Amino acid sequence: MSEQLSDRTTAACLHAAVAAPSMHNTQPWRFRFDGSGFDVYDDAERALPATDPAGRALHISVGAAVCNLRLALAADGWVSRLERPATAGGPVRVVPVATRDPSPDIEALALAINRRRTNRGPYDDAAVPGAVLEALRRAAAGGSTRLVVLDPVRRGAVLAITQAADAWQRTDPRYRRELARWTSERGDRRDGVLAPWFGPRATTAGLPLRDFGLALPRLSREAARFERHPTLVVLHARGDTPEAWLDAGGALQRVLLTATLHGLAVQPMTQALEVAHLRRMLAAPGGVWHPQMILRVGYGGPVEASRRRPLRTFLLHSHRRENPCER
Ligand SMILES: Cc1cc2nc3c(=O)[nH]c(=O)nc-3n(C[C@H](O)[C@H](O)[C@H](O)COP(=O)(O)O)c2cc1C
């Protein structure tokens, strides 16, 4: 890289990265910028050992943050190279290597980063047009990832398996303790899922959304009718390794940003992927494609952005250059 990134670009990249989704809004990322590239580490203290023992969701969150970081770089005119972790637990490295004017598509996706939200409210009964679902499919399609739109039969099966997973988790004290740690009524927290983001209770039968109020039984929550036939899509990765999970995170983020551009609301509903014996039931025949994310998509109301911690709390010190975000 002949030119250096400006402090403004560096800060914009890090802000974009931490805007990514993460399970229970744990924000499990650490970053180091050394003047020539960004190292993205996962933050083991923010792992979810009961719900995500293998670190699959953690890697997906890292993959999504890396995708945002690279998009912010691209929107600022930088082509970047991705270097995968050399050793287990090592960082993903993003290195700006050349300059190039961003395409309108890249600019639009980058602008969607701060508009994207998880929407836990009810969606319209209106069907999502085929062309929009096709745009989501294209956003996910890479050699190593794919998105499948569920037909009514598969949707019924996935909902039934999710219902079983949800019931299983509710009785698991470790799951409940972990959820309690990451959910709160307190409005001053800047991580976790806070009460205003829990969404209403669904009165519609057969829609097993995660109950973020499980650990707060006295919290009063509205009830609402949700869509009767939710549109569900499943993201698969070719393989089930940390590398495949990082790829899935990148594909997830491209899908979420594309959905945002199309005015679609999205909610991950991943309980079925967190109970090993039930997740196996969702694997595609042939053993190649592994389910990594289940999304409910549709048209919903507005949602406020969820919180993020201050940028400095994500930064690891670098000896080579003072980081502009640490001031
Ligand atoms: C791997 C993963 C799994 C998730 N599972 C769920 C889920 O089951 N239900 C849900 O409502 N949100 C789920 N989410 C969304 C997160 O809770 C959300 O990203 C986080 O609270 C931050 O909010 P935001 O997406 O609006 O920025 C998941 C996100 C990720 C990355």
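The heavy atoms of HIS59 present about 40 square angstrom of accessible area, all protein chains included, probe 1.4 Å. The spacing between the stretch 231-268 and the stretch 136-153, judged by their C-alpha centroids, is 9 Å. Please compute the net charge surrounding GLU243, taking Lys and Arg as +1 and Asp and Glu as -1 over other residues with Cβ under 15 Å from its Cβ. In short, 0. The Cα center of the stretch 24-38 and the Cα center of the stretch 67-88 differ in position by 12 Å.
Calculated on C-alpha atoms, the gyration radius of the chain divided by its Kirkwood radius gives an Rg/Rh of 0.95. Computed with every protein chain present, the accessible area of VAL288 is close to 60 Å² [probe 1.4 Å]. What the stretch 130-298 shows is 45 Å² of accessible area per residue, with the surface traced by a 1.4 Å probe over protein heavy atoms.
In a fully extended conformation the segment linking ARG189 and VAL153 would gain 8.9 nm over its present Cα-Cα distance, using 0.36 nm per residue. Dividing the summed -39500 (n - 2.57) terms of all DSSP H runs of n ≥ 4 by the residue count of the chain sets its mean residue ellipticity at 222 nm at -10000 deg cm²/dmol.
Remark: accessible surface ordering of ARG254, ARG279 (largest first) is ARG254, ARG279, probe radius 1.4 Å. Across the stretch 130-298, counting alpha-carbon atoms alone, Rg and Dmax equal 16.4, 48 Å. Applying 1/(1 + (r/R0)^6) with r as the Cβ-Cβ distance of SER103 and THR204 and R0 = 35 angstrom yields a FRET efficiency of 0.30. Accessible area per residue (1.4 Å probe, heavy atoms of protein chains only) ranks SER103, SER22 as SER103, SER22, with the largest value leading.
Given a 1.4 angstrom probe, I'd like the percentage of the accessible area of the stretch 130-298 that is carbon and sulfur, rounded to a whole number. Let's see the in-between values first.
Values: 4100 of 7560 Å².
On the stretch 130-298, the fraction of accessible area on carbon and sulfur atoms equals 54 percent.
Computed with a 1.4 Å probe over protein heavy atoms only, the accessible area of VAL153 comes to about 120 Å². When the chain is treated as a GNM, springs tying every alpha-carbon pair under 10 Å, which of ASP211, ASP124, ASP188 comes out with the largest mean-square fluctuation? Between ASP211, ASP124, ASP188, it is ASP188 that shows the largest mean-square fluctuation.
Mind ranking TYR299, TYR123 by accessible surface for me, highest first, 1.4 Å probe? Mind dumping the intermediate values first?
Working: TYR299 55, TYR123 10 Å².
Result of the area sort, largest leading: TYR299, TYR123.
The values are calculated or read from the model by the stated rules, or taken from the named source; none is laboratory data. Values in this document were obtained by computation on a predicted structure and should not be read as measured data. Heads up, the Cβs are rebuilt from the backbone with ideal geometry, glycines too, and the neighbour counts pull from every protein chain shown. In case anyone asks, the SASA skips ligands and DNA or RNA and just uses the protein heavy atoms, side chains included. Shrake-Rupley method; radii C 1.70, N 1.55, O 1.52, S 1.80 Å.
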